[in-house]
Structures are given as C-alpha cells and as structure tokens.
C-alpha cells in the first residue's frame, strides 16, 4: 500500500485521528459538542455538526475500523483522481450521508450519531469503480479479500447494524455514503464505468 504523494488523504487521516483521540481520551465533552443530532439540526441551527461529527468516533475500535478502511483505498484513489477531486468526494460524501441520517431521524429527539463512515464509504465505493481488481488483507484472515467483496460485505454489516440502533455509530451513513461514491464517479468521470464494464466483459 503506497501512502506517498496523497496530501489530501494524509490531512484527513491525521485530522480525524487527532480529533477523535482528543475527544475520547482528553476532552470527553468534545464528543457531545460535535456529534450529529438530527432533531436539533434545524431547530438549533447546528448545521456545523454535519461536518464535525465526521471527525469524531464513538470508541477506538470505531476509529480504527474506519481509518484502516480509509487507508486501504484513499491514497490510491487520490493519486488517480487528484487531490481537489478527492477532497470534494470526501466532503460531499460526509455531507450527503449525514443529510440522509438527518432525514431518517429528524423526528427523534434522543438520536445522535458520529463517525466518518459516510465519507469513508464514499471513498471505498468510488475506489472500487476505478480499481475493481484491488484486494486487501484483514487481520486474522490469511487470504486477500477482493475490494468489491469487502465493500458489499461492509454494506450488509452496516444495514444489519443500523436496524439494531445501538450506540452512537452512524451505520445509516454507510449506505448513503456508498451511493454518493458511486454517483460522484458517474457524474465526474463516466468513462470509469465504461472501463469497468469493459473489464468485467473480458
């Protein structure tokens, strides 16, 4: 995994890890100040939380899963589409995923969520379009996992978890983020889909 020449990915990775660790282990009040609360988004004009919630995580495991997945796909994708395009994808994925969460939970006063899941899934699914042959290694699994299989498995897991409604992890954002990643590539580089279909047709 080549982590060089991808300044946008490094900035996002460092910022997310630092903010999350700060909230988890130094200033716990920061978690409550950054998490997305759909019921209060419009009522209290908490629009900034559509972004701040994407840099905070519920626990170290949540942070590690998101950032490991991010690292496997983000650096290669940024080198392929460019830093500005990559940053736009990440931020749009985060915003649209959280807006989807807002719409679903806007009438639930007690609901709150956080995490970079929507943005990470936007990156993951966009990367799958460009690199369908990519594979990744996951701890305790001795064989490489094809990226499309990992992506679909992640979505299935997210759908199941979203129905359990436990903790503050925004599992709903995974689905909205994945759709955003696929749509972003279709709008900005439709030739990528033609290349993907050509590859699959061989």
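What to note about this one:
- One residue from 123, 17 being touching a helix residue (DSSP H, G or I) at 6+ places or on another chain (Cβ under 7 Å) and crowded, with 22+ Cβ neighbours inside 10 Å: 123
- Pairs with Cβ under 7 Å, 6+ apart, first in region 139-150 and surrounded by 10 or more Cβ atoms within 10 Å (Cβ to Cβ), second part of a loop (DSSP other than H, G, I, E, B) and at pLDDT below 80: 144/137; 145/138
- Test: residue 43 is in contact with a strand residue (DSSP E or B) (Cβ under 6 Å, 6 or more places away or on another chain), at pLDDT 90 or above and farther than 29 Å from residue 148 by Cβ: no
- Boolean, residue 158 is within 18 Å of residue 178 (Cβ to Cβ), modelled with pLDDT under 90 and buried (at least 24 other Cβ atoms within 10 Å of the Cβ): no
- Checked against (1) out of contact with any strand residue (DSSP E or B) (no Cβ under 7 Å at 6 or more places or on another chain); (2) surrounded by 15 or more Cβ atoms within 10 Å (Cβ to Cβ); (3) at pLDDT 90 or above, residue 69 passes all but condition (3).
- Top-ranked residue in region 32-45 [being surrounded by fewer than 18 Cβ atoms within 10 Å (Cβ to Cβ) and part of a loop (DSSP other than H, G, I, E, B); ranked as nearest to the chain's Cα centre (by Cα)]: 45
- Scanning region 46-66 for residues that are assigned to a helix (DSSP H, G or I) and in contact with a helix residue (DSSP H, G or I) (Cβ under 6 Å, 6 or more places away or on another chain) yields 50, 52, 53, 54, 55, 63, 66.
The values are calculated or read from the model by the stated rules, or taken from the named source; none is laboratory data. These numbers were taken from a predicted model, which means no experiment stands behind them. Don't worry about glycine lacking a Cβ; one is built from the backbone with ideal geometry, like all the others, and counts go over all protein chains shown.
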